[in-house]
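Below is one structure; the comments refer to it alone.
Read-outs throughout are calculated quantities, based only on the coordinates presented, and are distinct from any laboratory measurement. No experiment lies behind these values; they were computed from the predicted model shown. Glycine also receives a Cβ, built like all others from the backbone with ideal geometry; neighbour counts cover every protein chain displayed.
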Amino acid sequence: MTTAKILKQLRKEKGLRQADVAELLGISQQAYQKYELGNAEPNGANYVKLADFYGVTTDYLLGREPAPDPFGEYDLTDATEDEVIEAFLALPPKIRACILDIMTQLGGVVESSRTAQAEEPKPTWTVCYSEDAVSAGIDYALDEYERMEKLKVVDTPEARRATFAVRVSGDSMESSYSDGDIVLVQQVDQIEQGQIGVFFVNGSGYIKEYGGDRLISHNSKYDDIQLHDSDTMRCFGRVIGIAELP
């Protein structure tokens with residue numbers, strides 16, 4: 001398995017966003033995206049940070065060895081209570097914390113409080129929403145806000161800054177945005193290279209990274225869209241996040 005696939009798998013196993021790992025490394029989300037797309041590789045220091053964070057070796061990140069089994073060296077079949085405790089204390093701190101969390105959940109100690117928190121409604125914010133999906137080649141006018149539906153989303157700073165929201169169709173922007181995601185868009189007439197926007201090109205709508213002379217897909221299975229002087233193109237706005245539904 002390649003480094004790009006390994007990084008993506010490890011991140012998803014931890015339930016993290018690309019932005020979370022980028023913050024850990026002290027780099028931009030766009031720079032980290034290139035690691036998972038295979039367009040760039042971490043430097044030595046970032047390889048070490050990632051290995052320490054995920055509890056693996058740098059060789060594993062490079063695809064040179066199988067994933068480590070944190071319990072592989074312990075055979076506790078006939079162990080005494082003291083031996084079990086000693087083996088537990090010898091585990092890495094993150095593994096111990098994970099085990100304790102599972103035991104706590106199974107014991108029901110925090111179940112009632114977590115249930116109460118889950119039932120507490122989150123504050124919402126209303127945004128203009130277009131049912132027409134981008135990346136599907138559908139004609140639509142995204143600046144006719146009065147004709148759009150009103151959609152309630154979880155109240156976040158990104159939702160408050162958004163001019164409108166639109167649904168993603170297809171997987172050409174994996175792993176940044178997935179099919180069915182409702183993205184929040186801030187209206188601007190143009191965006192900088194490396195930013196992701198919503199575009200209208202020759203009668204079709206797309207969500208893509210702006211590359212100057214092309215619109216870039218994040219999924220390597222899809223070709224970029226080359227832009228020509230003869231094309232009819234308009235930028236409807238910059239994608240600033242994914243809407244969370246209440």
Could you work out how far apart the two model spin labels at V56 and D82 are, taking each label as a point 7 Å from the Cα in the direction of the beta carbon, and quote it in nm? 3.8
Using Cα-Cα distances under 8 Å and only pairs 6 or more residues apart, what relative contact order does the range 181-226 have, in percent? 24
Among residues other than M173 whose Cβ falls under 10 Å from its Cβ, what is the net charge (Lys/Arg +1, Asp/Glu -1)? -4
Contour minus Cα-Cα distance for E131 and L100 (0.36 nm per residue): 6.7 nm
Once the piece of chain linking L16 and K49 is laid out straight, how much longer is it, given 0.36 nm per residue of separation minus the C-alpha distance between them? 10.3 nm
Cα→Cβ-extended label distance, 7 Å offset, between D229 and A40, nm: 3.2
